[in-house]
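**Student:** Once you've had a glance at the structure underneath, I'll fire off some questions.
The values are calculated or read from the model by the stated rules, or taken from the named source; none is laboratory data. Keep in mind that this is a model prediction, so the values were computed, not measured. Here the Cβ positions follow ideal geometry from the backbone for every residue, glycine too, while neighbour counts run over all protein chains shown.
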Amino acid sequence: MKMLAVLLLACACAKTEPPVPRFAKAVAAATSTAASTLEPKGKERLPGKVVPVWVQRAMVPDEILLALPEDRRASDDADAAAFARIDCRSEPMGAYTDGMPAYRSACSVEVRELATMTVRARKSFTGKVPPQVQQEGRFSAMTPPDYAAIADWLKSLPLAK
């Protein structure tokens, strides 16, 4: 018993470093305000494996990442050639029956090459129309982006050669 107490104390006191997110570089690039150049219309393409990043939440939506085929889905920063910068805003859509405002997301998605920040493709998406009746005890919030539509668009882009 004494040995177990010493072992538990040693584990609790051990200094551990916080884990480094596997997409830290892509998230930092997506949330920065660095200038970018735009690829000419009609030449949209995916420069390689991509990481989707929702800018306002500084997070990688697994629903999009995992929907991508292996040849388009980055496993970490070292594997990523580009990021899909998902920039969403609330769009008013009327009001619930209780008078609270209803919103849906309006998102601009840009595929940017990580090395040059060049925008290789751009498209706008909107979230679903909010329900007529708000769930009891919930505050007014926007509907999330349409993850499936964003993933389908990323899958449809031709890969760079």
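**Student:** Can you tell me how many residues within the range 83-98 are exposed (fewer than 14 other Cβ atoms within 10 Å of the Cβ) and of a type in the set (Val, Ile, Thr)?
**Tutor:** 1
**Student:** Something else now. Pick from the range 38-51 the residues that are assigned to a loop (DSSP other than H, G, I, E, B) and touching a strand residue (DSSP E or B) at 6+ places or on another chain (Cβ under 7 Å): which of them is modelled with the lowest pLDDT?
**Tutor:** For the range 38-51, the residue satisfying everything is Glu39.
**Student:** Being within 15 Å of Pro52 (Cα to Cα) and hydroxyl-bearing (Ser, Thr, Tyr) narrows it down to one of Ser108, Ser90, so name that one.
**Tutor:** Ser108
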